[in-house]
Amino acid sequence: MRRRDKGRRRGRRYPEEVDARLEAVRSSSPRRRDRGPKRRPRRRRKSPVLPLLLAVILLIGVLYGAYRLVGAALGGGEEAAEQPVTVVVEQGDTLGSVAEKLDEAGVISSSSIFELEARVGGSATDIKPGEYQFEPGQSGEEILEALSSGLTYDVAIPEGLTLEQTAQKVAEQTGVPAEEFEEAAGETDYEYAFLDDPAIETTEGFLFPKKYEFQNDAGAEQIVDRLLQQYLIETQSLDFAATEERLNLTEYEILTTASLIEKEAASPEEQPIIASVIYNRIRARMPLQIDATIHYALGEPKERLSLDDLEVDSPYNTYKNLGLPRGPIASPSRGAIQAALEPSETEYLYYVLKPGGGEHFFTDDYNEFLQAKAEAEEER
């Protein structure tokens, strides 16, 4: 991108009268001339104000028409940008300062003509903050439309992601660094009642999976807050109180269960059945032995877990510790949360993923479980 000397360029291609006419447009009311002491009129004289206003309007129209025909004033001229240019509009920037930034970046050839066009077209107060990218040869209308509409990011958060994985997704789709997101998501002071449980240390599990749209100036805290707000929206109609009383679990423990369901179920239809297995094993004082919790404890997924992996010292190791892990291991979908609240009524204690990975085999018999597991391993 070439940078140009604005001082040298100003006035070389456009007459100085443009700045004067711009001042006339900026003024909210025309000045009145002092006519001196009143005299006894012999006949009514025509006011010079109306012709003057007509002349100004006519001149503005001529300039505007010339701008529309030439197009160089806003789209750049011989010194226009040769590649995409990024211009940052900050909160508090005026139309004049934005015009100067565009002029400096080589996006337009005259800040005065650009400002005049915006004021005549009624876009003077519509410019929104953001980081904009302009292509060579864009017209003034296109530039003003972009500045007026603002820019947004579409951010898609899939189900079953950890906080760290969510941070990576956000970083890939926005300008927010993953480290900043992780730091913001590591805090719990977002003034939502569901975060009041003393056992909650981060927002892990509450970052609701969904497709979002954010303004491009949204920061890490704003994005985290929006995901937490969506969790509230999605779950406010669910009956946590009844399940808490029936199963003697807190909302946080129910969410933790939902995260296990999200990672273990092969399909949405299986989620209530997986929930029943988890609760059945807890009631039977059996360790959950869920591999997904080991992956979470290790900090990275592995294709196959070793015996040493199953010995990892972590409150998330459900092979060594009874009951639920310390907290969620991922952000569950609404369906998984619903399944944790309303599990199927079964006596199942075991499940094995069938070859192909499309569904599980469920049973309450340990020997059947071992046989199904052996058969599945043979076919892999």
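Only one of the listed residues (I294, I337) is buried (at least 18 other Cβ atoms within 10 Å of the Cβ), of a type in the set (V, I, T) and farther than 24 Å from K210 by Cβ. That residue is I294. Here P158 passes the criteria (1) assigned by TED's automatic domain parsing to the domain that holds K211; (2) more than 29 Å from A185 (Cβ to Cβ); (3) not aliphatic (A, V, I, L, M) except the one numbered (2). Between I233, I282, I273, I278, the distinction of being modelled with pLDDT of 95 or more and under 33 Å from the mean Cα position of the chain (by Cα) belongs to I233 only. Filtering the stretch 364-374 to residues that are without any contact (Cβ under 8 Å) to a residue 12 or more places away in the chain and under 23 Å from I294 (Cβ atoms) leaves L370, A374. If the condition is being in contact with a strand residue (DSSP E or B) (Cβ under 7 Å, 6 or more places away or on another chain) and closer than 19 Å to G130 by Cβ, then the stretch 190-235 contributes Y212, E213, F214, Q215, N216, D217, I223, R226. When residues in the stretch 209-253 are screened for being of a type in the set (A, V, I, L, M) and assigned to a loop (DSSP other than H, G, I, E, B), 3 of them pass. Of all residues in the stretch 323-372, those satisfying the criterion of being among the charged types (D, E, K, R) and farther than 15 Å from E264 by Cβ are R326, R334, E342, E345, E347, D364, D365, E368.
Beta carbons closer than 7 Å, at least 6 apart along the sequence or on distinct chains, pair a first residue in the stretch 130-153 that is in the same structural domain as R119 (by TED's automatic domain parsing) and at positive phi with a second that is surrounded by 14 or more Cβ atoms within 10 Å (Cβ to Cβ) and in a helix (DSSP H, G or I) for G137/G75. Please specify each residue of the stretch 179-225 satisfying the condition of being closer than 21 Å to Q236 by Cα and aromatic (F, W, Y). Listed by number, the residues that qualify are Y190, Y192, F194, F206, F208, Y212. Here I254 fulfils each of the conditions (1) surrounded by fewer than 19 Cβ atoms within 10 Å (Cβ to Cβ); (2) closer than 28 Å to E359 by Cα; (3) touching a residue at least 40 places away in the same chain (Cβ under 8 Å) apart from (1). Evaluated against (1) out of contact with any strand residue (DSSP E or B) (no Cβ under 8 Å at 6 or more places or on another chain); (2) assigned to a helix (DSSP H, G or I); (3) buried (at least 18 other Cβ atoms within 10 Å of the Cβ), A372 falls short on exactly one condition, (1). The residues of the stretch 353-369 that are within 27 Å of P209 (Cβ to Cβ) and buried (at least 18 other Cβ atoms within 10 Å of the Cβ), listed by number, are H360, F362. Scoring Q289 on the criteria (1) surrounded by 14 or more Cβ atoms within 10 Å (Cβ to Cβ); (2) at pLDDT below 95; (3) at positive phi leaves a single failure, condition (2). Residues that are crowded, with 21+ Cβ neighbours inside 10 Å, among the hydroxyl-bearing types (S, T, Y) and either within 30 Å of the chain's Cα centre (by Cα) or over 19 Å from G160 (Cα atoms) (or both): does the stretch 317-328 have at least one? No, the stretch 317-328 contains no residue that is crowded, with 21+ Cβ neighbours inside 10 Å, among the hydroxyl-bearing types (S, T, Y) and either within 30 Å of the chain's Cα centre (by Cα) or over 19 Å from G160 (Cα atoms) (or both).
The values are calculated or read from the model by the stated rules, or taken from the named source; none is laboratory data. Treat the numbers as computed from the prediction; the structure is a model and nothing was measured. Using ideal geometry, Cβ is built from the backbone for each residue, glycine included, and neighbour counts are taken over all protein chains shown.
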